[in-house]
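Step one of this worksheet: look at the structure below.
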Amino acid sequence: MIAREVEFEGHLIDSNILPKVLDLILDLDGEFEITEFRIGKRKEDTSYARLIVFGRDENHLDELLKELHKLGARVADAEDAEFAEAPDDRVLPDGFYVTTNNPTFVRLNGEWIEVEDIGMDRVIVVDPERKSACCRFLNEIKRGDLVLVGEKGVKIIPPERPRKSTTFEFMGGHVSTERPTPNVIKAIANEIVNLKRNGGKIAVVAGPAVDHTGARDALAGMIRDGYVDVLLSGNALAVHDMEISIFGTSLGMDIRTGRPVPGGNRHHIHTISKIIAAGGIKQAVEKGIVRDGIMYECVRNNVPFILAGSIRDDGPLPEVITDTMEAKKAMKNALKGVNMVIMLASMLHSIAVGNLLPSVVKTICVDSNPSTVTKLVDRGSHQAIGIVTDVGLFLPELYENIKELEKEG
């Protein structure tokens, strides 16, 4: 057997990193020997472990090291990262490195450099002269870019359990299939209020169910009160939100009685036509065509919104980005500096946003579909909470709790 020495550092025990490392080695038919293990004595102290990993041959050892690398393994005697030129636009060199969504560092000229805009399933482009490294999508690669290859000189910081007593500590990675209790909703509201008081930034991903279930006013209120810094959604949310403002219906149903309105099935088409004739959402608000709701509050409070299109969209509205790659780029830019994302009843847009987020961003996912919630929470982050419930029940109660906390100061 051949061997390689690797080391790990961080909160290895309470974040369950070391047990995962040892299980992984055994699951892949490898062997290990722990040569050094130092446990942090205080809550803020990190632990350190040095292991010798054994593989059957060079290929088997490489397989082990590739998987251990995702858990934060680094070669004990660190070498500089290796890179190669992209042979053409959107073409990668052999052996290119694929990123995780965890904080990542590369070693350039003996110095560890943090990778900017980290996200999963991308590549890293380095500039040795400027000592910089950034994460890019495949379609952003240009000929001659220096692309990171292999795992040498790469360090990942795996997600760790929060060190302070917060909602994300005791519910991290948890999916609740029961109706959320008042205490859970209040705890989440408290997280939101505290984050904003400390200058944090919150993004909301919302689907049209927010309109259909009567949660529209609550989301509009959160935008008006400064608890939403960017809205990410699609054509449907905006159309039905403005349909309610103009016609009082959503999908042709009277929003107050829940009953269908004669000819109401045409209302969303009428709405799209009116907005296009006005010149767009902002103009429709300024002209008094749209007088309340989610899009109204976004315009009035200068809250940016990104509407990403899909193949089934009617219209769409003028602001909808129909080029998928351009929409992804716009969403990525809008998410810069975001500390928390609240995902509300939108499977496709929520999954898209989840794939763009670093693992350090706090995530709250609310959906009536358990599989959607599980998929979004299971992103390798301890800072994710999933609640399986009707957004029409959850969001108004959340907003009421936020207002109560504001009154308490």
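Pairs with C-alpha atoms separated by more than 27 Å, drawn from the list LYS20/LYS152; LYS20/LYS142; LYS282/LYS329; LYS66/LYS131, are LYS20/LYS142. May I ask for the angle, rounded to the nearest 10°, between helix 235-247 and the longest principal axis of the chain, with both axes built from Cα atoms and the value confined to 0 to 90°? Tilt of helix 235-247: around 20 degrees. Per residue, the average separation of C-alpha pairs within less than 8 Å and at least 6 apart gives the stretch 78-161 a relative contact order of 42 percent. Annotation: extensible slack from ASP80 through ILE39 equals 11.9 nm (criterion: 0.36 nm per residue apart, minus Cα-Cα distance). Among LYS155, LYS196, LYS43, which one shows the highest mean-square fluctuation when the chain is modelled as a Gaussian network with alpha-carbon springs under 10 Å? Answer for the Gaussian network model of the chain: LYS43.
Just to confirm the number: angle between the C-alpha axis of helix 324-334 and the first principal axis of the chain, 0 to 90 degrees, nearest 10? So the inclination is approximately 80 degrees.
Local charge for ILE255 was computed over the other residues whose Cβ lies under 15 Å away, with Lys and Arg +1 and Asp and Glu -1, and equals -2. Taking every alpha-carbon pair under 8 Å whose residues sit at least 6 apart, the stretch 1-77 reaches a relative contact order of 45 percent.
Just the protein heavy atoms count here, and of the accessible area of the chain at 1.4 Å, carbon and sulfur take up 48 percent. Entry note, the chain: relative contact order of 16 percent, from Cα contacts under 8 Å with a spacing of 6+ residues.
Residues in the chain average 48 Å² of solvent-accessible surface per residue, probe 1.4 Å, ligands and nucleic acids excluded.
Taking only the Cα atoms of the chain, the ratio Rg/Rh comes out at 1.03, with Rh defined as the Kirkwood radius. Against the main long axis of the alpha-carbon atoms of the chain, helix 267-278 sits at an angle near 90°. Assuming a viscosity of 1.306 mPa s and a temperature of 10 °C, what translational diffusion coefficient in µm² per second does Stokes-Einstein assign to the stretch 224-266, Rh being the Kirkwood radius over Cα pairs? Translational D for this selection: 138 µm²/s. Using heavy atoms of the protein chains and a probe of 1.4 Å, the accessible area assigned to ARG56 is about 140 Å².
Per-residue ellipticity at 222 nm from helix content only, as computed over the chain with -39500 (n - 2.57) for each DSSP H run of at least four residues, stands at -10000 deg cm²/dmol. Ordered by 1.4 Å accessible area with all protein chains kept, GLU5, GLU79 run largest first as GLU79, GLU5.
Could you tell me what percent of the DSSP beta bridges with both partners in the stretch 181-408 are antiparallel, to the nearest 5? Within the stretch 181-408, antiparallel bridges account for around 10 percent of the total.
For LYS186, the lysines whose Cα comes closer than 28 Å to its Cα, not counting residues fewer than 8 places off in the same chain, are LYS43, LYS164, LYS196, LYS201, LYS336, LYS362, LYS375, LYS403, LYS407.
For the stretch 181-408, list log₁₀ I(q)/I(0) at each q in 0.07, 0.10, 0.11, 0.17 Å⁻¹, using the Debye formula over Cα point scatterers of equal strength and ignoring solvent, two decimals each. After summing over all Cα pairs, the log10 values are -0.20, -0.42, -0.51, -1.27.
The values are calculated or read from the model by the stated rules, or taken from the named source; none is laboratory data. Quick caveat, the model's predicted, so the values are computed rather than measured. Methodologically, a virtual Cβ is constructed for each residue, glycine included, from the backbone with ideal geometry; neighbour enumeration extends over all protein chains shown. When the accessible area is computed, the model is the full protein with side chains, heavy atoms only, and any ligands, DNA or RNA have been set aside. Shrake-Rupley method; radii C 1.70, N 1.55, O 1.52, S 1.80 Å.
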